[in-house]
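Just below is one structure, and these are the notes that go with it.
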Amino acid sequence: MNISENLKQVLVELPAGVRLVAVSKFHPNEAIEEAYSAGQRIFGESKVQEMTTKYESLPKDIEWHFIGHLQTNKIKYMVPYVAMIHGIDSYKLLTEVNKQAAKVNRVIKCLIQLHIAQEETKFGFSAEECREMLAAGEWKHLDNVQICGLMGMASNTDDTEQIDREFCSLNKLFKELKETYFPESDNFCELSMGMSHDYHQAIAEGSTLVRVGSKIFGERNY
Ligand SMILES: *Cc1c(COP(=O)(O)O)cnc(C)c1O
């Protein structure tokens with residue numbers, strides 16, 4: 001496993017405007033350091049405690065993106081340093097992030113997670129729930145979070161047409177919401193979609209942030 005080679009292979013194929021979140025969950029600091037030495041600065045983690053431990057011992061110019069399912073009681077540990085939270089799957093969670101971020105005087109970038117896959121197990125809003133939340137408008141009073149876009153995970157399937165349809169529907173919703181609720185703002189600009197097995201498709205459907213783990217770091221030992 002040559003992490004810097006894998007990283008370069010992914011990076012050369014990324015079009016302008018698409019950034020890589022190197023998903024380092026379950027991999028040790030040494031693996032992150034190797035990618036860091038090759039120039040990577042954005043890393044994604046799915047457990048707050050693991051991410052915080054890594055944050056404390058690794059270079060401070062790393063941008064930590066939280067991509068997992070977030071529990072309310074863990075938010076306070078990461079608000080001092082987290083760069084972006086990808087998995088906002090309820091309005092209540094957004095208000096909790098806002099509350100904790102206010103305590104450390106930060107504005108935290110958040111992505112709303114949409115449920116686009118067929119599987120029952122993936123978290124997130126439905127398109128309708130997301131529209132309702134934004135239409136209600138209460139989020140505008142949350143001064144310590146900034147809604148920067150949407151995140152979604154496609155079905156885990158070999159049916160590439162289905163994956164295309166799911167990414168395409170997320171991009172459509174993104175454009176609709178941008179036009180309706182963020183017409184004057186440049187902040188709503190991120191579409192986080194695509195993992196090791198489907199990021200090429202995600203890019204073709206408009207992704208701006210791909211979350212790639214195993215293709216760079218190898219298989220994870222859970
Ligand atoms: C683990 C994970 C990834 C990375 O998956 P790979 O298949 O290893 O690229 C991307 N997004 C989320 C939300 C994840 O939990």
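No lab work stands behind these numbers, since they all come straight from the coordinates. Note that the coordinates shown come from a computational prediction; the quantities given were computed from them, not determined experimentally. Counting neighbours? That spans all protein chains shown, and the Cβs are built from the backbone with ideal geometry, glycine included.
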*So what is the 222 nm mean residue ellipticity for the chain from helices alone, if each DSSP H run of at least 4 adds -39500 (n - 2.57) and you divide by all residues, rounding to the nearest 500 deg cm²/dmol?*
-11500 deg cm²/dmol
_Can you tally the net charge around ARG106? Count Lys and Arg as +1, Asp and Glu as -1, for every other residue whose Cβ sits under 13 Å from the Cβ of ARG106._
+3
*Residues of type aspartates and glutamates that LYS54 reaches as a straight line, Cα spacing below 15 Å, ignoring anything fewer than 8 places off in the same chain*: GLU30, GLU33, GLU34, GLU45, GLU63
*Which of the lysines could a cross-linker span from LYS140 if the Cα-Cα distance has to be under 20 Å and same-chain partners fewer than 8 positions apart are dropped?*
LYS92, LYS99, LYS103, LYS109, LYS175, LYS178
_Summed side-chain charge close to ALA135 - residues other than ALA135 whose Cβ falls under 13 Å, Lys, Arg +1, Asp, Glu -1_ = -3
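Which order results if MET151, MET78, MET133, MET51 are arranged by neighbouring Cβ count within 10 Å, fewest first?
Least crowded to most crowded, the residues run MET133, MET78, MET51, MET151.
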*For the chain, report the translational diffusion coefficient in µm²/s to the nearest whole number, using Stokes-Einstein at 37 °C, 0.692 mPa s, and a Kirkwood Rh over Cα pairs.*
185 µm²/s
_Interchain or long-range residues, amide H under 5 Å from ALA117's placed H_ = MET153
*Please report LEU70, LEU177 as a ranked list, fewest other C-beta atoms within 10 angstrom at the top and most at the bottom.*
LEU177, LEU70
*Can you give the net charge of the other residues whose Cβ lies under 13 Å from the Cβ of GLU34, counting K and R as +1 and D and E as -1?*
-2
*asked:* Give me the percent relative contact order of the chain, please, defined on Cα pairs under 8 angstrom at least 6 residues apart.
replied: 21 percent
*Using θ = phi - 60° and the Karplus form 6.51 cos²θ - 1.76 cosθ + 1.60, what ³J(HN,Hα) does each residue of the range 78-93 get, whole Hz, x for Gly and Pro?*
10, 4, x, 9, 4, 8, 7, 10, 7, x, 6, 10, 7, 5, 4, 4
*Hey, if you drop one equal point scatterer on each alpha-carbon of the range 1-83 and run the Debye formula without solvent, what base-10 log of I(q)/I(0) do you get at q = 0.17, 0.23, 0.26 Å⁻¹?*
-0.68, -1.12, -1.33
